[in-house]
2 protein chains.
Amino acid sequence: MTAYQRTGALKAAIDLDLFTSIGDSPATAEEIAARLQCPGRGIRILCDSLAIFGFIAKSGSRYELTPDSAVFLDRTSPAYLGDTARFLTAPAIADAFANLAETVRSGRVHTSELGTTAPDHPVWVEFARAMGPMMVPPSQGAAQLVPLDPDRDTRILDISASHGVYGIAFAKANPRAHLVALDWEAVLAVAEENAAAAGLADRFSKIVGNAFTVDLGTDYDVVLVPNFLHHFNIADCTTFLKRVHAALRPGGKVVIVEFVPDDGRITPPAAASFSLVMLGTTPEGDAYTFAQFRQMLGEVGFHDPTLHPLPPTAASAVIATK
Amino acid sequence: MTAYQRTGALKAAIDLDLFTSIGDSPATAEEIAARLQCPGRGIRILCDSLAIFGFIAKSGSRYELTPDSAVFLDRTSPAYLGDTARFLTAPAIADAFANLAETVRSGRVHTSELGTTAPDHPVWVEFARAMGPMMVPPSQGAAQLVPLDPDRDTRILDISASHGVYGIAFAKANPRAHLVALDWEAVLAVAEENAAAAGLADRFSKIVGNAFTVDLGTDYDVVLVPNFLHHFNIADCTTFLKRVHAALRPGGKVVIVEFVPDDGRITPPAAASFSLVMLGTTPEGDAYTFAQFRQMLGEVGFHDPTLHPLPPTAASAVIATK
């Protein structure tokens, strides 16, 4: 019942850059307070709480980073993930959990009609800014799974491109590929920025709008659908995959990235519990099993669906061929 | 970072009385939805999440209570604790955790000047209503530790009586004792109700007001100080204990109930992490170690302080003699 207090402590430590202030110099609460120019009581209590929750270690009166917090929560680390806190605790997500009973009872998102599936919902700009770094390892894993023909020009469509990280990984792995990113306009600005930073400005173009209705174009070698289908019900996912099928060239592949629970729907925990986020924030979304994806994909003409975990995240890729 | 989602799922299940609806009849999501007259999707996803988080068990497509949820979360159980959710997630507590960084940075409660220590703060009525049942086992344990003289009339003062459960346990264990309960006026109504329900109406009286300034009376055999001192700094606790000392008869005992961390301040976790709640909700409160209580008590003239865990809770009693 008090789990939210762990979220609060971790978020406060990230907001204060407390992990970075410790870095590789274990320190007392007084020393950390001096580094951060904060009063001592709050830093002492927060540090003890972080030690209790396992985010830092306490030895005598000194606190030091754990191996995990050194890699992921020290801002000087290339794998820093502290910014994910901004999205994971954004009101558009967190408010859903303040009255989940009302959502269950009514069958409707209690905060708004469409939740985060509303057109141009601003939380997706936050997502694009905050979650990109976390997607780099799985995007590289996914790109390895689907090498494109190096001997001709190829085309990649990245649906709900967001930060653009998935499309960028594919484009970097395939120097003759052109990347088309689709998302809401404000979100695409982030993808465009990231593509330019990755040196892909001249192989990048955009489609602005609703992925269910906008013209997707044709003759793609691969269509990426990362973290998109879970927002919708099975019928709408199937309708959407039919559009993807039409946009691919024969032999082209769809690469769906999702949290995919086992058939029993309670394992693996990190993937399976994602359903709850979809309950809270979308009218009809869910985390789908591989059996459900196989069914949807088969229905619209894809064949040979396969499932691939994308470590170190809890996400998996579902890949199928036109 | 997403721990708050566990709070949201558990609170939703309590709000919906989902645990009670399962009771000793394991059921599918469809059956539970029918029992609760809710749409199926939300119940299915919520049940899976509760299974992932360990609050219920899933076997095939049926959900059943775990031993813990059967005892504590089924409303028909005499040990039902679901109402604690109302206090543990009350805005006066939970809002503190939405921006703990600001509290740490400023050294001030970010939601209000005095946090929950403001006079007549309404959250204490919520506390008195919601938390009483959880206090029954530790209050009985505490009463066993300090038997009063059965051969004469005795007097008990219950400071910050709240639900009154501690004083009631002492009064029931000592049939010749008169119980005086002190708290804010609206809170005392709950204590009075509970004392009457326990058959103590004719051995019960009240002192309304601020425990630091109101006349406490004299000649008490025992003064109970449950869940009170953690709201204040050491100097104020010491000043307050001096008042308690003056109110006791010679040989009388003070019984402090608190979450008491070990000297290292990070164990036991449930007691030690309580400091964080005091950081978020009070200007200067903390969870104090036994060494700190020994120091405060010695300074105002108490002797022989002892520490007693009060299972099954994370609270302990600190007892000392005038």
| remark: Toy charge model, Lys and Arg Cβ at +1, Asp and Glu Cβ at -1: the protein assembly as shown dipole around Cα centroid in debye, rounded to 20, equals 460 debye
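Could I get the Rg over Rh figure for the range A:1-156? Both from C-alpha atoms, Rh via Kirkwood, rounded to two places.
On the Cα set of the range A:1-156, Rg over Rh gives 1.09.
Mind checking the mean number of beta-carbon atoms from other chains within 10 Å of the Cβ atoms in A:276-282?
Numbers: counts 14, 4, 2, 10, 7, 0, 0.
If you average over the peptide's residues, the count of other-chain Cβ atoms is 5.
So, counting K/R as plus one and D/E as minus one, what does the shell of residues with Cβ under 12 Å around residue B:248 add up to?
Values: positive: B:155, B:242, B:243, B:249, B:253, B:322; negative: B:219, B:221.
Within the 12 Å Cβ shell, the charges total +4.
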| request: Would you please report the Å³ per residue occupied by the convex hull of the alpha carbon atoms in the range A:160-277? | output: 125 Å³
| query | What percentage of the solvent-accessible surface of chain A, computed with a 1.4 Å probe over protein heavy atoms, is contributed by carbon and sulfur atoms? | reply | 54 percent
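Once the convex hull of the alpha carbons of the range B:130-207 is built, what does its volume come to per residue, in cubic angstrom?
Working: hull volume 5.9 nm³, N = 78.
With only Cα atoms used, the range B:130-207 gives 76 Å³ per residue.
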| message | Restricting to DSSP H runs of at least four residues, report the calculated mean residue ellipticity at 222 nm for chain A, -39500 (n - 2.57) per run over all residues, nearest 500 deg cm²/dmol. | response | -13000 deg cm²/dmol
| query | Considering only the label points, 7 Å along Cα→Cβ from Cα, what distances in nm to one decimal separate residue B:136 from the same position in each other copy, shortest first? | reply | 5.6
| message | Once you compute Rg and the Kirkwood Rh from C-alpha atoms, what is the Rg to Rh ratio for chain A? | response | 1.01
| request: State the number of lysine pairs found in the protein assembly as shown whose Cα atoms come within less than 13 Å, restricting to pairs 8 or more positions apart or on distinct chains. | output: 6
| Rg and Dmax [Cα atoms of the protein assembly as shown; Å; Rg one decimal, Dmax integer] | 28.9, 101
| task | Give a quick list of GluC sites (Glu not before Pro) in the range B:85-150 that DSSP marks as loop, anything other than H, G, I, E or B, with at most 16 other Cβ atoms within 10 Å. | result | B:113
| said: Antiparallel versus total DSSP beta bridges in the protein assembly as shown: what percent is that, nearest 5? | reply: 45 percent
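Provide the buried accessible surface between chains A and B in square angstrom, both chains summed, 1.4 Å probe, rounded to the nearest 100. Walk me through the numbers on the way to the answer.
On the way: alone 15150 and 15130 Å², together 25610 Å².
Rounded to the nearest hundred, the buried surface is 4700 Å².
Leaving out ligands and nucleic acids, and using a 1.4 Å probe, what accessible area per residue does chain B come to in Å²?
Numbers: 12800 Å² over 322 residues.
Averaged over the residues of chain B, the accessible area is 40 Å².
The values are calculated or read from the model by the stated rules, or taken from the named source; none is laboratory data. Quick caveat: nothing in here was measured; it's all calculated off a predicted structure. Cβ atoms come from the backbone with ideal geometry, glycine included; neighbour counts cover every protein chain shown. Keep in mind that these areas ignore ligands, DNA and RNA; they rest on the heavy atoms of the full protein, side chains included. Shrake-Rupley method; radii C 1.70, N 1.55, O 1.52, S 1.80 Å.
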